[in-house]
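Working notes for the structure below.
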Amino acid sequence: MAGILKVDKYQDFNGNDIMTSDGAGNITLNNAALKNTPAFEASLSSTQAINNASYTKVQFATEIFDTNSAYDNVTNYRFTPAVTGKYYLFSELCLDDLNDGSFFDIILYKNGSSIKQSRLFSGVTEKQSSWFSYIDVSTSASDYYEIFVYQNTGVTRNLRSDISGYFGAYKLIGV
């Protein structure tokens with residue numbers, strides 16, 4: 001036995017809209033627990049110089065999208081979700097001309113402390129990309145995330161904006 005249910009609105013017992021339809025097949029989820037937001041992605045707008053043997057905050061100044069204005073792309077270059085939950089965070093960066101035997105780190109900071117690091121060792125002199133992904137299962141409303149880099153080539157090197165250079169996150173649902 002098959003049936004068809006046609007509704008324009010699905011509500012809870014208190015009359016709060018959980019899901020609505022515009023009649024053309026477009027559904028809007030109105031419950032925050034069902035949305036992957038806040039979410040953002042930002043990229044480098046130009047090359048950024050990274051000094052040898054120092055931790056440098058990456059300035060992802062171009063927002064690709066930012067659903068809740070949770071990413072500061074002007075002053076602090078940080079993601080502050082302001083919504084408690086579990087988040088998937090990711091970044092990729094490319095550093096110019098690593099020397100043979102040198103390394104390049106991408107470090108995810110939460111509230112000013114390192115929580116995830118991705119290290120790339122170089123065996124040749126060329127442009128090198130490194131990336132990471134991370135799920136943080138205990139994000140509170142006041143937490144913030146930033147990306148730092150470290151390199152040990154002996155001289156200043158540049159992060160490339162034309163090859164890669166992005167940072168993003170989104171809230172996970174159903175976990």
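Output the number of the condition that TYR71 fails; it satisfies all remaining conditions of (1) without any contact (Cβ under 8 Å) to a residue 12 or more places away in the chain; (2) within 26 Å of LEU159 (Cα to Cα); (3) surrounded by 15 or more Cβ atoms within 10 Å (Cβ to Cβ); (4) not β-branched (Val, Ile, Thr).
(1)
Please name all residue pairs, on different chains or six or more residues apart, with Cβ atoms under 8 Å, provided the first residue is in the stretch 44-68 and is farther than 19 Å from SER164 by Cβ and the second residue is surrounded by fewer than 14 Cβ atoms within 10 Å (Cβ to Cβ) and small (Gly, Ala, Ser).
From the stretch 44-68, the pairs are ASN52/GLY154.
Of a type in the set (Gly, Ala, Ser) and either surrounded by 14 or more Cβ atoms within 10 Å (Cβ to Cβ) or not assigned by TED's automatic domain parsing to the domain that holds LEU120 (or both): which single residue out of SER91, SER54 fits that description?
SER91
Mind listing whichever residues of the stretch 7-18 are surrounded by 10 or more Cβ atoms within 10 Å (Cβ to Cβ) and aliphatic (A, V, I, L, M)?
Scanning the stretch 7-18 gives a single hit, ILE18.
Rundown of residues vs (1) surrounded by fewer than 12 Cβ atoms within 10 Å (Cβ to Cβ); (2) polar (S, T, N, Q); (3) at pLDDT below 75, yes/no style:
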site: LEU5; (1), (2), (3): yes, no, yes
site: ASN30; (1), (2), (3): no, yes, yes
site: ALA39; (1), (2), (3): no, no, no
site: LEU44; (1), (2), (3): no, no, no
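Mind telling me which of the residues ALA61, ALA24 ends up being among the small types (Gly, Ala, Ser), out of contact with any Asp or Glu (no Cβ under 9 Å at 6 or more places or on another chain) and assigned by TED's automatic domain parsing to the domain that holds SER140?
Sole residue among the options that is among the small types (Gly, Ala, Ser), out of contact with any Asp or Glu (no Cβ under 9 Å at 6 or more places or on another chain) and assigned by TED's automatic domain parsing to the domain that holds SER140: ALA61.
Here's the yes/no breakdown for (1) under 22 Å from ILE64 (Cα atoms); (2) in contact (Cβ under 8 Å) with a residue 24 or more places away in the chain; (3) of a type outside the set (A, V, I, L, M):
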| residue | (1), (2), (3) |
| --- | --- |
| LEU93 | yes, yes, no |
| ASP97 | no, yes, yes |
| PHE104 | no, yes, yes |
| ARG119 | no, no, yes |
| TYR134 | yes, yes, yes |
| ALA141 | no, yes, no |
| TYR144 | yes, yes, yes |
| GLY154 | no, yes, yes |
| LEU159 | yes, yes, no |
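So that you can scan it fast, the table gives a plain yes or no per residue for (1) in contact with a Lys or Arg (Cβ under 8 Å, 6 or more places away or on another chain); (2) crowded, with 17+ Cβ neighbours inside 10 Å; (3) modelled with pLDDT under 95; (4) assigned by TED's automatic domain parsing to the domain that holds PHE40:
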| site | (1), (2), (3), (4) |
| --- | --- |
| ALA82 | no, no, yes, yes |
| ASP96 | yes, yes, yes, yes |
| ARG119 | no, no, yes, yes |
| SER133 | no, no, yes, yes |
| TYR145 | yes, yes, no, yes |
| ASP162 | no, no, yes, yes |
| GLY165 | no, yes, yes, yes |
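Mind checking whether some residue in the stretch 147-166 is farther than 20 Å from ALA53 by Cβ, part of a strand (DSSP E or B) and not acidic (Asp, Glu)?
Within the stretch 147-166, one or more residues are farther than 20 Å from ALA53 by Cβ, part of a strand (DSSP E or B) and not acidic (Asp, Glu).
The values are calculated or read from the model by the stated rules, or taken from the named source; none is laboratory data. In this text the structure is predicted, and so the values were computed from the model without any measurement. Methodologically, a virtual Cβ is constructed for each residue, glycine included, from the backbone with ideal geometry; neighbour enumeration extends over all protein chains shown.
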